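Notes to accompany the following structure.
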Amino acid sequence: MDNMVDDEMMVNQVVHKGKPEEKPGGRPEERPRPGYELPLLLLAGFRTLIDEVHAELAAQGHPDLRPAHAFALQAVGPDGAGASDIARTLGISKQAAGKTVDKLVALGYAAREDDPADARRRLVRISPAGYDVLARSAAVFERLRADWASTLGEDAVRAMEDGLRAVAAPGAFRLDAAAWIGA
């Protein structure tokens, strides 16, 4: 197995050298699939959805919003959050969370305000523009899911969702992907 980079698209790919083993008379759908392929396909599906959402959001007037900003808005939540809370939820440093919040505030998606329960603390709150972008992204995700259901069939998409719920580790639905991959 080699790690290759496609210079034209700047995409990192894992390439399996050699012919995959076939069962005698095996059709392609019966061939064993390499174990590393599943996580790569899951990541590719995730990237496809996230990239399409952000392309659509850019076309709808939100060209500066990045996936990290959207994850941070999710971490802020409807009740607001402090920078330490955002950092903990995203699994990043407080400094990185602060920079992300600075960008969200500069873009108009969030605002800082004094915490009424603790005068030493500042809260980050989602602004009306932030709620707008979250609503738009939810609508795009619904459309993309419908597109997948149109291509694969509703039963296949439901089976995929149910299967992923069944095998995902408890508590694995977290926003701290950057920390997990060491970013």
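The values are calculated or read from the model by the stated rules, or taken from the named source; none is laboratory data. What you are looking at is a predicted structure, and each value in this text was computed from that prediction instead of being measured. Reconstructed Cβ throughout: ideal geometry from the backbone, glycine too, with neighbour counts over all protein chains shown.
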Open item on the list: Between Arg136, Arg121, Arg143, Arg174, which is at pLDDT below 90, among the basic types (Lys, Arg) and more than 22 Å from Leu38 (Cβ to Cβ)?
Closed with: Arg121
Task: Flag for Gly153 being more than 18 Å from the chain's Cα centre (by Cα) and at pLDDT 95 or above - done: yes
Task: Every residue from segment 23-59 that is at pLDDT 95 or above and touching an Asp or Glu at 6+ places or on another chain (Cβ under 8 Å) - done: none
TODO: For Val105, state whether it is β-branched (Val, Ile, Thr) and surrounded by fewer than 18 Cβ atoms within 10 Å (Cβ to Cβ).
DONE: yes
- [ ] Kindly provide the set of residues from segment 39-51 that are out of contact with any helix residue (DSSP H, G or I) (no Cβ under 6 Å at 6 or more places or on another chain) and surrounded by 11 or more Cβ atoms within 10 Å (Cβ to Cβ), ordered by number.
- [x] Leu40, Leu41, Leu42, Ala44, Gly45, Phe46, Arg47, Thr48, Asp51
- [ ] Please state which of the following conditions Ser84 fails to meet, knowing it meets all the rest: (1) more than 20 Å from the chain's Cα centre (by Cα); (2) within 16 Å of Ser127 (Cα to Cα).
- [x] (2)
- [ ] Starting from segment 98-118, take each residue that is more than 13 Å from Tyr131 (Cα to Cα) and of a type in the set (Val, Ile, Thr) and list its partners that are surrounded by 13 or more Cβ atoms within 10 Å (Cβ to Cβ) and at pLDDT 95 or above, counting only C-beta distances under 6 angstrom and pairs at least six apart or across chains.
- [x] Val101/Val124
Open item on the list: With the requirement that a residue be assigned to a loop (DSSP other than H, G, I, E, B) and under 16 Å from Tyr131 (Cα atoms), what does segment 64-95 give you?
Closed with: Asp64, Leu65, Arg66, Gly77, Pro78, Asp79, Gly80
- [ ] Could you list, in sequence order, all residues of segment 60-110 that are of a type in the set (A, V, I, L, M) and in contact with an Asp or Glu (Cβ under 6 Å, 6 or more places away or on another chain)?
- [x] Leu90, Leu107
Open item on the list: On the basis of being closer than 20 Å to Gln74 by Cα, more than 18 Å from the chain's Cα centre (by Cα) and loosely packed, with under 12 Cβ neighbours inside 10 Å, does Pro128 make the cut?
Closed with: yes
Open item on the list: Quick check on segment 96-128: of everything there that is in a strand (DSSP E or B) and small (Gly, Ala, Ser), which residue is farthest from Ala70 (Cα to Cα)?
Closed with: Ala119
